[in-house]
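Asks: Below you'll find the structure I mean.
Every number in this text was worked out from the coordinates using simple rules, so none of it is lab data. In this text the structure is predicted, and so the values were computed from the model without any measurement. Using ideal geometry, Cβ is built from the backbone for each residue, glycine included, and neighbour counts are taken over all protein chains shown.
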Amino acid sequence: MGGFFSAFAISASGLTAERMRLDLISNNIANMNTTGRPNDPANPPYRRRIPVFAQILEQAEDTGTSRPLFRGAGVRVTRVLEDNNPPRLVYDPTHPHADEKGYVAYPNINIVNEMVNMITATRAYEANVTALNAAKEMALKALEIGRG
Amino acid sequence: MQVLPAGQPLLPQPAVSGEKRGGGGGSFSEMLNNALKKLNDAKVNADDLTLKFFTGEVQDFHQVAIAMQEASLTMQLAVEVRNKVIEAYQEVYRMQV
Amino acid sequence: MDLFSNRVMVALKKELDAGALRQRVIANNIANVNTPAFKKSTVVFESLLKKALERKPVEMVTTDPRHFSGKPLLAGLTPEVNLIRTTSMRTDGNNVDIDEEMANLAANSMQYQAAVKELADRYSGLSYVISGGRR
């Protein structure tokens, strides 16, 4: 059944990816009110960070056989995108980061969206833990083939 | 209740059993050679799979466990056959002519 | 003198291979539950096994190396991995149903462990027989 990606590695990749998503979500929530000057490179406004997930596929040279039965090898975060949506403008001329019209650019982060994503990511993380445990139980049971 | 010695039911019967002189001997040694070859193959396979598992080529431990168990049973069978053969030889040797 | 090639033992060993493969496929589905455009896969084996066990091997005479021989189908049986391309209700095109995967995970784990136990018992029985009823 070959290949170098065991069931453990696949579940571990899922755990890592969802964990990274959770970290980004936490970062987004923490920076909801981080303003900045839009045209000032030293003080950029915070932009929402979004992970891009992609599945890992085993390459032909990794496996011993020429046509493996199954090439799926988990998931990874290929990039972290910055949301390019326009920032939320709030009129506040007294703010140090207000532009010439008196608007302050707040990051376009919606707390409800982030919470929903957090729940999805947490649920996926837990599912990956369950998958890992199932693989572990099966492997331990296989050790008993030779016993008695 | 008589427990049949384990060697008997599992060995294939020699095709021609008492008809040619030493006929039992010829096919018997072939049989032994085959058995030893199978035993060797089983052990080589078990060793090979074990190494492959620890280098990561084989992902499923059950394949290693199965190969090891089958090699062990084949070895056990070979030892029992050897014991029976020696017993049988000794019995023949002890016969009063 | 092949102790290990009766149908049940071969079927059990193949069931173990299929179970391990299925675990990998399900783990991959679960790991990719949030990957856009990902399509899930399933493993088909038990129905193939049933078909293979039902058919009796046909004795066929071969006079040419190119003729099919009547080798039993069980020996060459391998599980199949199917990619399921159905559309889903999700906007990102991912069709993994996490609850279905969790249920399959549990069922597969149980089936694998049962096969291991069965196989271990058979080896143990063989050992007993070989040593003539002694341990």
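Asks: Given points 7 Å out from each Cα along the Cα-Cβ axis, report the A:Asn43 to B:Arg94 separation in nanometres with one decimal.
Replies: Reported label-point gap for A:Asn43 and B:Arg94 is 10.7 nm.
Asks: Right, next: Longest segment of chain A with no GluC sites (Glu not before Pro) in a DSSP loop having at most 13 other Cβ atoms within 10 Å?
Replies: Here the longest segment lacking exposed loop sites spans A:1-60.
Asks: Additional query: Rounded to the nearest 0.05, what FRET efficiency is calculated for B:Asp47 and C:Thr42 with R0 set to 41 Å and r the Cβ-Cβ distance?
Replies: 0.70
Asks: A follow-up question, please. Once every DSSP H run of n ≥ 4 in chain C is given -39500 (n - 2.57) and the sum is divided by its residues, what mean residue ellipticity at 222 nm do you get, rounded to the nearest 500 deg cm²/dmol?
Replies: Rounded to the nearest 500, the figure is -17500 deg cm²/dmol.
Asks: Defining a contact as two alpha carbons under 8 Å apart and six or more residues distant in sequence, what relative contact order in percent does chain C show?
Replies: Working: 139 pairs, mean separation 45.2, N = 135.
Across chain C, relative contact order equals 34 percent.
Asks: Considering only Cα-Cα distances, which of the following residue pairs are longer than 18 Å: A:Lys141/B:Lys43; A:Lys141/C:Lys14; C:Lys40/C:Lys117?
Replies: Table pairs above 18 Å Cα-Cα are A:Lys141/B:Lys43; C:Lys40/C:Lys117.
Asks: Could you work out the mean count of beta carbons from other protein chains within 10 Å of each residue's beta carbon in B:49-60?
Replies: 4
Asks: Any idea how far apart B:Ser72 and C:Thr63 come out in nm if each label point goes 7 Å out from Cα toward Cβ?
Replies: 5.1
Asks: Ranked highest first by average number of other Cβ atoms within 10 Å, how do C:85-94, A:27-36 line up?
Replies: Going by the mean number of other Cβ atoms within 10 Å, highest first, we get A:27-36, C:85-94.
Asks: Compute the signed sum of charges (Lys and Arg +1, Asp and Glu -1) over the other residues within less than 12 Å, Cβ to Cβ, of B:Met31.
Replies: +1
Asks: Give the peptides C:17-23, B:82-88 in descending order of average Cβ contacts within 10 Å, highest first.
Replies: By packing density, highest mean first, the sequence is C:17-23, B:82-88.
Asks: Let me confirm one metric for peptide B:72-78, namely the mean number of other chain beta-carbon atoms within 10 Å of its residues' beta-carbons.
Replies: 4
Asks: Under a point spin-label approximation (7 Å from Cα along Cα-to-Cβ), what is the C:Arg90-A:Thr120 distance to one decimal in nm?
Replies: So the two model labels end up 0.7 nm from each other.
Asks: Follow-up. What is the calculated FRET efficiency for C:Ala106 to A:Gln59, with r their C-beta to C-beta distance and R₀ = 41 Å, to the nearest 0.05?
Replies: Efficiency at R0 = 41 Å is approximately 0.80.
Asks: Which angle from 0 to 90°, rounded to the nearest 10, does the C-alpha axis of helix A:111-142 make with the longest principal axis of chain A?
Replies: 10
Asks: Counting Lys +1, Arg +1, Asp -1, Glu -1, what net charge surrounds A:Pro107 among other residues with beta carbon under 12 Å of its beta carbon?
Replies: +1
Asks: Per residue of C:13-21, count partner chain C-beta atoms within 10 Å of its C-beta, then hand back the mean as an integer.
Replies: Details: counts 4, 0, 0, 9, 6, 1, 4, 12, 6.
So the per-residue partner count for this stretch is 5.
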